[in-house]
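First the structure, in the form of structure tokens, and then the observations on it.
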Amino acid sequence: MRISVIGCGYLGAVHAASMAKLGHEVIGFDTDEKKIEQLSHGIPPFFEPDLQEILTEGIKRGNLRFTGDISALKDASVHFLAVGTPQSQESQAADLTYVQDAIDELCRYLKPGDLVVGKSTVPVGTAEKLTEAVKPTGALLAWNPEFLREGFAVQDTISPDRIVYGVPAGDAGRKATTMLDEVYAQALVEGIPRITTDLATAELVKVSANAFLATKISFINAIAEITETVGADVITLADAIGLDDRIGRKFLGAGIGFGGGCLPKDIRAFTARAEELGKSSSVAFLKEIDAINLRRRARAAELTVEALGGQVVGKKISILGAAFKPNSDDVRDSPALDVAIRLRSLGADVTVTDPQAIDNAKRSHPHLNYEASIERALVNANAVLLATEWSEYKNLDPNWAAEVTSDMVIVDGRNCLDSIRWREAGWRYFGMGKP
Ligand code: NAD
């Protein structure tokens, strides 16, 4: 298939390179010239495992190109829309201006029979509106939400756990389905489930999935607030309830909560859309999910203050992690940086380290101190706070760390360290939701 991808960020760049890996002829377009320049030279503009490899392979093979000229998309017949839908500056709703601008521009080059495929996460009803915009060109519009996880994005794109098509009714829907089946032929041969539905259901599948995941994380974090009040242990509790296969252990990791460019803004946009639909009470609980999540960031800062005896002015605190999750350099709404800012505002001397995300963190939070080397970040620390569960931090040797820091105080914001090992090495260990 001749495919174009509009918007080459965390989703789009991976999608373009993965589609080329599957043998399609792909052209990626973005309005960010620097990104296009980097991608054209096979340089990923962000850190994502395996992306570099498939990017260079595609460019070398000649079936993957990037452009800043949207007219170059006219030869493609399937156009994936992967632009951002961030939270609006003025409200909790999604900002759809990037989607609208991209469609307006694209419409100038669409041909009858082309298929526009939305991948961005949008409020329900968006696809129907965009269908009207696309109609005069004779092109069709479908919605194919994306479920990739940053850190596993290439694997998740090439071999997703399900594929959802939202298509219009009748012949148009059958045509869109046939074209999408050709795009995803390899995954379908492998037996990956494909669910075909209407546009609104497809849009809602994505936001509901994220709302559920956010709810699961905030559920266990709410329980953590209780366990830490009564001296119980949230990890043992999660292990025990997680053994019930109706519940499951995944996403029951109590800690400093979720962040990133999706979950927080998606639950807020869902709430805003439900309000517009006159159904605010249906998802009113998502406001509480958001509030619980933000409280855990405050709690991590408070726990660090308690660990340091009640005040942190002038105390050196080393924060391990800036990215919102491991194996990513994405710092959008990162809990790690939020906790770092809170501690800094209390007068602490905060140093942040991260294996990949320092450049992005410096751009978004230039006033924080950064150290690329974990050793230099830990020097003379009065407390260490693990904020992103990179494997190098999970596997940190407490004896080695003790030689570098000033005091042996560790706050495990992700409950991912072996507390017994750290305590045996002489550290005062503090976990989230633990005695
Ligand atoms: P991003 O900010 O990394 O990328 C968006 C890209 O779109 C940027 O490179 C930007 O320059 C480009 N862009 C903006 N306006 C454009 C236009 N008019 N024409 C062409 N390009 C334009 O965002 P992202 O994380 O890739 O997310 C994109 C969408 O995918 C969002 O709706 C998000 O919710 C959804 N999504 C993201 C993920 C993820 O893990 N990042 C997963 C599933 C869904």
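Miscellaneous remarks
- Computed [θ] at 222 nm, helices only, for the chain once each DSSP H run of length n ≥ 4 contributes -39500 (n - 2.57): -13000 deg cm²/dmol
- Using the Cβ-Cβ distance between Ala72 and Glu375 with R0 = 41 Å, the FRET efficiency computed as 1/(1 + (r/R0)^6) comes to roughly 0.30.
- Separation of region 329-370 and region 202-269, taken as the distance between their Cα centroids, equals 24 angstrom.
- With contacts taken as Cα pairs under 8 Å and at least 6 residues apart, region 2-197 reaches a relative contact order of 19 percent.
- Amide proton proximity set for Val164, modelled H, under 5 Å, gap of 5+: Ile195
- Counting every other Cβ atom within 10 Å of each residue's Cβ, His79, His41, His365 order from fewest to most as His41, His365, His79.
- Sparse-neighbourhood loop sites, GluC sites (Glu not before Pro) in region 143-204 - DSSP loop, at most 14 other Cβ within 10 angstrom: Glu190
- Within a Gaussian network of the chain (alpha carbon springs, distance under 10 Å), most fluctuating of Val189, Val339, Val404: Val189
- Within the chain, percent of DSSP bridges classed antiparallel, to nearest 5: 5 percent
- Among Ser373, Ser364, a tally of other beta-carbon atoms within 10 Å of each Cβ gives an order, fewest to most, of Ser373, Ser364.
- Looking at region 2-197, the DSSP beta bridges with both ends there are about 5 percent antiparallel.
- Theoretical gain in end-to-end length, Lys175 to Glu90 [0.36 nm per residue, Cα-Cα removed]: 26.7 nm
- Relative contact order (percent, whole number), the chain, Cα cutoff 8 Å, 6+ residue spacing: 12 percent
- Pairwise Cα separations in the chain fall into 10 Å bins from 0 onward with the following percentages, short to long: 4, 20, 28, 24, 15, 7, 1, 0.
- Loop-exposed trypsin sites (Lys or Arg not before Pro) per DSSP, neighbour cap 15 Cβ within 10 angstrom, longest uninterrupted part of the chain: 280-435
- Summarising the amide proton neighbourhood of Phe47: residues at separation of 5 or more, or on other chains, whose placed amide H is nearer than 5 Å comprise Asp329.
- Set of lysines with alpha-carbon distance to Lys21 below 17 Å, sequence-local pairs under 8 removed: Lys60
- Aspartates and glutamates with Cα under 16 Å of Lys250, excluding same-chain neighbours fewer than 8 positions away: Asp161, Asp239, Glu389
- Reachable lysines, given that their alpha-carbon falls under 20 Å from the alpha-carbon of Lys362 and they are not under 8 places away in the same chain: Lys34, Lys35, Lys316, Lys325
- Couplings 3J(HN,Hα) of region 96-105, computed from phi: 9, 5, 5, 5, 5, 4, 4, 5, 4, 5 Hz, in residue order, whole Hz [Karplus 6.51 cos²θ - 1.76 cosθ + 1.60, θ = phi - 60°; x for Gly and Pro].
- Residue order, fewest to most surrounding Cβ atoms within 10 angstrom, among Met408, Met19: Met408, Met19
- Karplus-based coupling profile of region 378-385, in residue order and whole Hz: 8, 3, 6, 5, 8, 8, 10, 10, with θ = phi - 60° in 6.51 cos²θ - 1.76 cosθ + 1.60 and x standing for Gly or Pro.
Rule-based calculations on the coordinates, nothing more; no lab input. Keep in mind it's a predicted model, so treat the numbers as computed, not measured. We place every Cβ from the backbone using ideal geometry, glycine too, and count neighbours over all the protein chains shown.
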